[in-house]
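Participant: Got a structure here, written out as structure tokens. Questions coming.
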Amino acid sequence: MTVLPVTIWGEPVLHRRASEVEVFDDDLRKLIADMFETNEAANGVGLAAPQVGVGKRIFVYKYANDDAPDQGVLVNPVLTLSKVSGALPDPEEHIEGCLSFPGEHYPLQRAEWARVQGFDGDGNPVDFEATGWFARVMQHEYDHLDGKLYVNRLVDRYARKAMKQAKKNGWGVPGLTWMPGVDPDPFGH
């Protein structure tokens, strides 16, 4: 298994819809294994293929929960969500971060429930419900497959802060990455 570099906001693959996986083969399973290794090295709870420069509809997760296995992969996932509250996000309860917007945290309101359907790395169907923070993880990773980062969903106040920070960090251009396990952990784990 190989730890892969994580792309940073501005890399084109992060900002376009990923394509469906059509072939479940050893190349796919190697990519999934590398994504698990990268997520582990980055101390992440999830990682989508676009975050490692691959425009395919795949994400891995590792998050203790009561709804599904604590670690898994979703290939070509579909999410069905409960209604998202129209209330402003709580700046302490709804805080979110992203490996592709490293070191930053902003509050975001998400659905409290999600039905997650897709396939594992061998093409077997996967179907479960996710609640609470696990539902948040599923939504966050799924967004990556549609070319969205959580900062694209922030309310104006936090969106302005995020874009100001991106500019300060020199992000928003292609070619920027960080290497989990080599570069300092941007979240201080």
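The values are calculated or read from the model by the stated rules, or taken from the named source; none is laboratory data. For clarity, every value in this text was computed on a predicted model and none was experimentally measured. Quick reminder, even Gly has a Cβ in these numbers, built from the backbone with ideal geometry, and neighbours come from all protein chains shown. Note: accessible area is taken over every heavy atom of the protein model, side chains too, but ligands, DNA and RNA are not part of it. Shrake-Rupley method; radii C 1.70, N 1.55, O 1.52, S 1.80 Å.
Participant: Tell me, please, whether a residue that is buried (at least 20 other Cβ atoms within 10 Å of the Cβ), in contact with a Phe, Trp or Tyr (Cβ under 7 Å, 6 or more places away or on another chain) and part of a helix (DSSP H, G or I) can be found in the range 147-156.
Facilitator: Within the range 147-156 (the criterion being buried (at least 20 other Cβ atoms within 10 Å of the Cβ), in contact with a Phe, Trp or Tyr (Cβ under 7 Å, 6 or more places away or on another chain) and part of a helix (DSSP H, G or I)), the answer is yes, since at least one residue qualifies.
Participant: Which count do you get for residues in the range 81-111 that are over 17 Å from the mean Cα position of the chain (by Cα) and surrounded by fewer than 17 Cβ atoms within 10 Å (Cβ to Cβ)? Even if it seems obvious, please write down each step before you answer.
Facilitator: The first filter runs over the range 81-111 and keeps only residues over 17 Å from the mean Cα position of the chain (by Cα), leaving 82-93.
Now drop any that are not surrounded by fewer than 17 Cβ atoms within 10 Å (Cβ to Cβ), which leaves 82-88, 90-93.
So the answer is 11.
Participant: What about G181, is it among the small types (G, A, S) and within 18 Å of the chain's Cα centre (by Cα)? Reasoning before the result, please.
Facilitator: On the way: among the small types (G, A, S): yes; within 18 Å of the chain's Cα centre (by Cα): no.
Taking the combined requirement at face value, the residue does not satisfy it.
Participant: Please pick out the residue among W171, W133 that is farther than 25 Å from D27 by Cα, of a type outside the set (D, E, K, R), part of a loop (DSSP other than H, G, I, E, B) and modelled with pLDDT of 95 or more.
Facilitator: Values: W133 fails: part of a loop (DSSP other than H, G, I, E, B).
When all the criteria are applied, what remains is W171.
Participant: L99 is checked against (1) within 30 Å of G170 (Cα to Cα); (2) without any contact (Cβ under 8 Å) to a residue 60 or more places away in the chain; (3) in contact with a Gly (Cβ under 6 Å, 6 or more places away or on another chain) and fails just one. What number does that condition carry?
Facilitator: Result: L99 passes all but (2).
Participant: Pairs needed: first member in the range 149-174, touching a residue at least 40 places away in the same chain (Cβ under 8 Å); second member anywhere, open to solvent by 40 Å² or more (accessible area, probe 1.4 Å) and aromatic (F, W, Y); C-beta distance under 8 Å; at least 6 residues apart or different chains.
Facilitator: The qualifying pairs are L149/W9; V151/W9; A166/W9; W171/W9; G172/W9.
Participant: State yes or no: is R57 among the basic types (K, R) and open to solvent by less than 10 Å² (accessible area, probe 1.4 Å)?
Facilitator: Yes.
Participant: What is the number of the single condition among (1) under 11 Å from the mean Cα position of the chain (by Cα); (2) at pLDDT below 95 that A48 does not meet?
Facilitator: That leaves (2) as the condition not met.
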